[in-house]
1. Applying the Karplus parametrisation 6.51 cos²θ - 1.76 cosθ + 1.60 with θ = phi - 60° to the phi angles of segment A:226-234, what ³J(HN,Hα) value in whole Hz is obtained for each residue in order, glycine and proline being reported as x?
2. Could you tell me the distance between the Cα centroids of segment B:304-360 and segment A:58-136, to the nearest Å?
3. Listed here are the pairs A:Lys11/A:Lys252; A:Lys54/A:Lys106; A:Lys171/B:Lys19; A:Lys11/A:Lys127; A:Lys72/A:Lys130; A:Lys42/B:Lys19; which of them are more than 32 Å apart at the Cα?
4. What do you reckon, how do B:Thr36, A:Thr44, B:Thr328 stack up by accessible area (1.4 Å probe), largest on top?
5. How big is segment A:39-110 on each of its three principal axes, counting only the C-alpha atoms and giving the largest first in Å?
6. Which Rg and Dmax, in Å, describe the Cα atoms of the protein assembly as shown?
7. Could you pull the accessible area for B:Phe186 with a 1.4 Å probe, rounded to 10 Å²?
8. What order do B:Thr237, B:Thr293 take when sorted by accessible area (1.4 Å probe), most exposed first?
Amino acid sequence: MHAAEVSHIAKSFGRTQAVADVSFAVERGEIFGLLGPNGSGKTTTLRVLLDVFKPDGGTVSILGGPMSEEKKNRIGYMPEDRGLYQDLSLEKCLLYLSTLKGVPAKEARTRLAEHLERFDLAEHKGKKVKELSKGMQQKAQIINTILHRPELIVIDEPFTALDPLNTQLVKDLMKELRDQGSTIIMSTHQMPQVEELCDRILLIDDGRDLLYGDLDQIRRQYSGHAVLVRSAGDLPDVEGVAQVVPHNNATKLMLAEGTSPQDVLEALIAQRVIVERFEIAVPTLDEIFIRVVEEGDA
Amino acid sequence: MMSKLWYVARHEYERNVFKKSFIFALVSVPLVLGGTIGMIALMVALDNNSAPVGYVDHAGLLADPIPAPVGRPEGGIEFISFPTDEDARAALESKNIQAYYVISPDYSETSRIEMVYLKEPGENVSRAFHELIRTSLLADQPPEIAQRAVGGSSVTVRSPDGRREFHGVPTLGAVLPVLLSVAFLFLLLMSSGYLMQAVVDEKENRTMEVLATSLSPLQLIGGKVVGIVAIGLTQFTAWILVGILAILIGGNVLSISWLQNPSLDWGPILAVVAVAIPSYVLASALMFTVGSTVAQDHEGQQIGMLFFMLFMIPIYALVIIGETPDATASVVLSLLPFTSLMTVGLRSLFSVVPWWQVATSVAIQTTCAAGALWLAARAFRLGMLRYGQRLRIGEILGKGRAAPMGRNLP
C-alpha cells in the first residue's frame, strides 16, 4: 500500500490551470522529492494531496484511501507560508497546534521540551513567535510538523532561511524520521538536498509531470550523454562526440545522439590513445532539471 | 471530533479574555454606566437640599402649628413661619433657611405665591410646600379624604389586550427587556468583532492552512463560535453581577424608587433572549464570513461597521416604535434579521409583543443563522488561502468556478 497516490489530478482556479495532469505514488518509508520551477504547480499538488483543495479531476489516495478527519492526525504538513500564531509565545503556539493533532497536553509538553532542546530553541520558548528570527520560526514550524509523530510528513521548502548548520540539523532529522518508518514528501528548489535525501523524485512543470522515478535510475538515464576522459597525450577527434569541454584535469566529451560511451572508449583504444581515466559523467540533478524543463518548454 | 472543537473554543476564549483590551472593555462598560448613574444620583441628591424653608403667610392659610403631612412624605423638609418678609429675608441671608415662600393676602382669589431664594431649591422643596398647602386647605376634611386629595390617584395604564400594565413610575421589570436588548446587542457586536479579527489574523499569518489540515470546517467554525459565545457569557455574567449590585445600591442606598422591590415580567425577557440567541449566531457567522472574505484587517472592520448600522436601525426608529409599537413598521422591524433584537426589546417597553411575532422572528433569525453558517463554511473553504485577495460574493454563492472544497461543505 502506498503512503500516497495521485492519479491524473487537475486543478484550476478560474481560468488559471494550476495543475493539468500529475500522477505519482509515494512508497512508505521513503523521502520523495517534488521538484519544479516556480509556479509549476507543486504547492497546489500538495494542497490537493492534503485535501485542502478538491481536484477538478483525477483521484487522490492518502494512507490507503480518501482523506478523513482521523488521518489528519497521522499527517504532518509544513506549508511554504509559515503558519504560526505570531502573537502567541512559541511554547503556547506549538502546544495548541499539537493538541489539534490529537496529542495529549502532557505528552505534548514532554515532546516539545525535547524538540526545543534539540533545535536550540528552549531558551526562546517564552518569546512571542514574531520576536523570533526567520530561521528560528522555520525550525519552530518543523517542530510543529513532526511533534505528533506523523506517519506521513508533507513539507514545502523545508530549508528556506536555514543556515548551513541548521540545514544539516534538518537533513539529519529527515533521515532519522525515514529510518523510523515515516514517509516524507518534500517540495524544494534546492537540488543538493534532494540529491542527498530523496529516494525518488517527481519533476513537474506547467502542471504536468515531466520526470518521475528512482533518483539513481534517473541519473543513469541521463548519464549516457557525456564521458570524462584523461589521457597521456592530446585526445584525437573521435566520431560521435558533439562537443569537447575541459573539465578539471580531464576532458568532458559530450556525446552525439546515438553514440554510447562504449563506442567512444572503443574508438579511443582503436586510435591507440593511452587512457588513464574513463568514466561516465553523471549529471547533477541541477543539470537534469534544467535539461528536462528546457526540453519540456521546447 | 468534539475534543478538537473544544480545544479551538478554549484557545479562542483564552486568547481574547486574557487580552488587556478585553479586560478594559469588561470593566469600563459597567464603570462608565455606573459612573453615569452615580453622577445623576449625586446631582439629584445635591439638588435636593434638606435645609429648612421659610414662609410668610399673609393669607392666614396655614395653621400654626402646621398640620402633619398626609399622603406621600415630603422629604423631611422643615417649614418655619416668619411674621414679615423682612424676617424671612434676614433668615435667608443668614442662611438659616434655603428659601422662603410669601403667600399673597389674596391667595384664595389669585393663588399667588412668591418664592425667594439665593440658590434655587430642588424639586423636593416645591413638592413638599404644595403638599403643605393642600393639607392645610383640607384641614377641616376627614383625614382619609384629605389623604386621597393630597396623594392623588394611582393610575394604571393598561394595554388594550389587558396583558400589560404600567403603574406611573417605571419599574425594573418594564425596562429590563430594553436593557437586555442593549446588553445583547453590545455583546453581539463586540464578540462577533473578535471572531472576525481572529479569522483575519489566521489568514494574514498563514495559520489557516495548518488549521485546515488539522481540523474539519465544522470543528474550526464550531469551536470559534463556542469560544466567542463563552466570551460573551463571561462579559454578560460580569455585567449581570454589576447590575445586581447597582440595583441593590440604587434601591437600598440611593432610594431610587423603581429599583426598590423589583418585580420581573418574564414574558418580554424570554422574548428578548429567544430572539437574541439566533441573532448572536447570525452575527457571528456573518462576521466569520467577512473575516474569510476580506483581504485585510481594515476591510473587515469597515464591513463590520455596516452590520453595526443595521443592528442600530431600531434606535433611529425609536420615536416610531414608541408612539406606534404595534404598527406595521414596528412589527416588520421585529421580524427582520438584524433589527428584531432591539425592536422586540423596545416594543416590550411600550406594548406587548404578541407571541406569534416573537415565534416568527425567532424562526426567521434561526433560518438566517443557518444560512449564515452555510455561507461561513463556504467562505472559509474558498477564502482561507486567498492571501491578499478579496473573495467575491458570487464565488461564495457558487456562481464562480472556484470552489476548492465544495464537495465537503457541511
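1. Karplus-based 3J(HN,Hα) across segment A:226-234 equals 7, 10, 9, 10, 10, 10, 5, x, 5 Hz.
2. 48
3. Numbers: A:Lys11/A:Lys252 43 Å; A:Lys54/A:Lys106 35 Å; A:Lys171/B:Lys19 39 Å; A:Lys11/A:Lys127 40 Å; A:Lys72/A:Lys130 27 Å; A:Lys42/B:Lys19 39 Å.
Cα-Cα > 32 Å for A:Lys11/A:Lys252; A:Lys54/A:Lys106; A:Lys171/B:Lys19; A:Lys11/A:Lys127; A:Lys42/B:Lys19; rest within.
4. Details: B:Thr36 70, A:Thr44 20, B:Thr328 105 Å².
So, going from the largest accessible area down, we get B:Thr328, B:Thr36, A:Thr44.
5. That gives 41, 29, 14 Å along the principal axes, largest extent first.
6. Rg and Dmax of the protein assembly as shown, Cα atoms, are 41.1, 154 Å.
7. 90
8. The ordering from most to least exposed comes out as B:Thr237, B:Thr293.
The values are calculated or read from the model by the stated rules, or taken from the named source; none is laboratory data. Everything numeric here is computed off the predicted structure, so don't read it as measured data. All Cβ positions, glycine included, derive from the backbone under ideal geometry; neighbour counts span all protein chains shown. When the accessible area is computed, the model is the full protein with side chains, heavy atoms only, and any ligands, DNA or RNA have been set aside. Shrake-Rupley method; radii C 1.70, N 1.55, O 1.52, S 1.80 Å.
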